[in-house]
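Okay, so here's the structure we're looking at.
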Amino acid sequence: MTDVARVDLELNDCRAVAGYAALCAHSVLSVFEQLHPNDQRLHDAIDAAQLFAGGAKRTKVLRDRAWSALRAAGEAAENGEIAASEAARAAVA
């Protein structure tokens, strides 16, 4: 078994990570939208992450939207839409 280093992040670190993840997810959003133009789950997750990165509180809405993006990724993967699945996974953070 390998040892795993623990990394403790302060709230501002979490905000920076969320902001970066939202930026990355936004850059690949069109990949998902080509196959799922009416699915707003990724938009919602990115919007929530951007709000959190900008100073909003961590809320259940933020977590729920991330889980929804993860479900979208799983559904795309089940349909063999690997690029769309990876794009959706980018919105989970």
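The values are calculated or read from the model by the stated rules, or taken from the named source; none is laboratory data. Computed from a predicted structure; not experimentally measured. Using ideal geometry, Cβ is built from the backbone for each residue, glycine included, and neighbour counts are taken over all protein chains shown. Ligands, DNA and RNA are stripped out before the accessible areas are found, and what is left, the full protein with its side chains, is counted by its heavy atoms. Shrake-Rupley method; radii C 1.70, N 1.55, O 1.52, S 1.80 Å.
What the table shows:
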item	result
Residues of region 47-93: accessible area per residue with a 1.4 Å probe, Å²	61 Å²
Solvent-accessible area of Thr2 with every protein chain in place, 1.4 Å probe, in Å² to the nearest 10	110 Å²
Inter-label distance, nm, simple model (7 Å from Cα along the C-beta direction), Trp67/Ile82	3.0 nm
Relative packing of 8-20, 42-54, which averages over residues the other C-beta atoms within 10 Å, highest first	42-54, 8-20
Full-stretch length increase - Ala56, Val17 - with 0.36 nm per residue and alpha-carbon distance subtracted	12.6 nm
Carbon plus sulfur fraction of accessible area for the chain, probe 1.4 Å, in percent	55 percent
Positive-end residue, the chain charge dipole about Cα centroid, Cβ charges, pick of Leu23, Leu35, Ala49	Ala49
Kirkwood-based Rg to Rh ratio, the chain, C-alpha trace	1.03
Gain in span if fully extended, Ser30 to Thr2, counting 0.36 nm per residue against the direct Cα distance	6.3 nm
Cα-centre dipole for the chain with unit charges at Cβ (Lys and Arg positive, Asp and Glu negative), debye to 20	360 debye
Per-selection Rg to Rh, region 48-93 - Cα, Kirkwood hydrodynamic radius	1.08
